[in-house]
Amino acid sequence: LIKETLKLLRASIPTTIEIHTNFKDQCHWINANPTQIHQVMMNLCTNAAHAMSEQNGHLSIELDQTTIESEKITPHGKIPKGRYVCIRIKDTGVGIPEEIQRRIFEPFFTTKPQGEGTGIGLSVTLGIIQSHGGTIQFQSEVGKGTRFEILLPAISAAEQKDKTTQMPIPRGYEHILCVDDEKPLTIMMDRMLSGLGYKVTVCQHPDEALGLVKKAPQDFDLVITDLTMPHMTGTVLTEKLLKIRPDLPVIICTGYGDHLTHENAHNLGIRELLIKPVHKYDMATAIRQALALN
């Protein structure tokens with residue numbers, strides 16, 4: 001979800017701002033509303049970009065985990081002991097003056113010029129994080145930048161197991177072509193689908209996928225493609241694939257903030273539209289539904 005947010009952000013902020021990420025492998029799971037977490041990330045990253053808009057800058061996003069050994073008191077209430085997922089957003093911008101730091105989470109408080117901000121971004125961000133049982137803290141120094149740290153409670157191993165074993169996951173044997181420009185995501189899809197019994201071919205370039213289908217149209221039973229990719233979107237790829245083989249089932253995976261609706265997707269011949277992050281059960285179910293229409 002964070003990667004999808006940064007994809008959207010990269011297209012909307014100046015190229016003078018470099019984006020750096022550091023994600024811990026095998027982080028704890030959390031129980032969260034994806035739309036709201038996307039909103040939190042967009043609010044904080046957009047504010048960071050605004051603070052660096054008149055200079056070269058570095059935006060750093062870290063995903064980590066931590067354990068609170070004893071209950072802590074924060075400016076926004078108590079945070080119980082336990083395991084937490086930690087998201088840190090750091091910028092090298094102008095910083096927040098000390099005299100207004102205590103006010104930044106107040107509704108309608110903004111330092112932006114009239115017409116450039118509503119002042120509700122940080123108050124909404126705080127409300128979302130608190131509704132998830134978490135907290136948000138920050139440090140800032142004028143001329144040196146700002147760092148926000150979000151803590152969200154991790155779910156227990158028992159809760160995670162319960163969520164992933166509530167219903168049997170559909171399996172199959174068909175040949176699936178996966179297309180995504182991010183190599184880690186193609187690796188993840190390969191492992192997930194192979195584990196469900198499917199034969200999997202992965203491509204990082206839409207042109208490569210198009211070439212494989214042109215060469216052997218009947219080799220693939222289904223295509224799963226990302227929507228937002230360089231040089232060719234998932235919808236354009238779908239259109240070209242269906243010209244080669246009109247009955248080829250296609251599933252598109254899209255991030256929050258993209259404007260493809262289920263209705264538009266079906267009008268383009270797309271069998272299923274999945275919103276990232278896609279869970280294993282949802283993906284497995286969508287595959288069987290898409291194949292059942294043939």
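The values are calculated or read from the model by the stated rules, or taken from the named source; none is laboratory data. Every value quoted in this text rests on a predicted model; they were computed, and no experiment measured them. Backbone-built Cβ (ideal geometry, glycine too); neighbour counts: all protein chains shown. These area figures cover heavy atoms from the full protein model, side chains too; ligands, DNA and RNA do not enter into them. Shrake-Rupley method; radii C 1.70, N 1.55, O 1.52, S 1.80 Å.
On the stretch given as segment 183-199, residues that are out of contact with any Lys or Arg (no Cβ under 9 Å at 6 or more places or on another chain) and either surrounded by 13 or more Cβ atoms within 10 Å (Cβ to Cβ) or closer than 29 Å to His259 by Cβ (or both) total 7. Could you list, in sequence order, all residues of segment 50-80 that are surrounded by fewer than 19 Cβ atoms within 10 Å (Cβ to Cβ) and in contact with a helix residue (DSSP H, G or I) (Cβ under 8 Å, 6 or more places away or on another chain)? Leu63, His76, Gly77, listed by residue number. Here segment 206-263 is the region considered, the condition is being open to solvent by 20 Å² or more (accessible area, probe 1.4 Å) and among the small types (Gly, Ala, Ser), and the residue that is farthest from the chain's Cα centre (by Cα) is Ala216.
So which residues in segment 90-142 are modelled with pLDDT of 85 or more, more than 19 Å from Ile37 (Cα to Cα), in contact with a Pro (Cβ under 9 Å, 6 or more places away or on another chain) and open to solvent by 30 Å² or more (accessible area, probe 1.4 Å)? Correct list: Val142 only.
Pro168 falls short on exactly one of the conditions (1) open to solvent by 60 Å² or more (accessible area, probe 1.4 Å); (2) touching a strand residue (DSSP E or B) at 6+ places or on another chain (Cβ under 6 Å), and that condition is (2).
Taken over segment 9-29, residues that are within 22 Å of Cys253 (Cβ to Cβ) and surrounded by 19 or more Cβ atoms within 10 Å (Cβ to Cβ) amount to 1. For first residues located in segment 138-154 and within 17 Å of Ile61 (Cα to Cα), partners that are β-branched (Val, Ile, Thr) and open to solvent by 20 Å² or more (accessible area, probe 1.4 Å) and lie 6+ apart or on another chain with Cβ distances below 6 Å form the pairs Ser140/Ile96; Gly145/Thr92; Thr146/Ile96; Leu152/Ile30.
Taking segment 187-205, which residues are among the hydrophobic types (A, V, I, L, M, F, W, C) and over 25 Å from the mean Cα position of the chain (by Cα)?
Passing the criteria: none in range.
Inside segment 264-294, residues that are hydrophobic (A, V, I, L, M, F, W, C), touching a residue at least 60 places away in the same chain (Cβ under 8 Å) and open to solvent by 60 Å² or more (accessible area, probe 1.4 Å) make up a count of 1. Can you name the helices (runs of 4 or more DSSP H) wholly within segment 1-102 that have at least 2 residues being out of contact with any Cys (no Cβ under 9 Å at 6 or more places or on another chain), without any contact (Cβ under 8 Å) to a residue 24 or more places away in the chain and not aromatic (Phe, Trp, Tyr)? By residue number, 98-101.
None of Val200, Val213 is more than 18 Å from Lys276 (Cβ to Cβ), modelled with pLDDT of 95 or more and part of a helix (DSSP H, G or I) except Val213.
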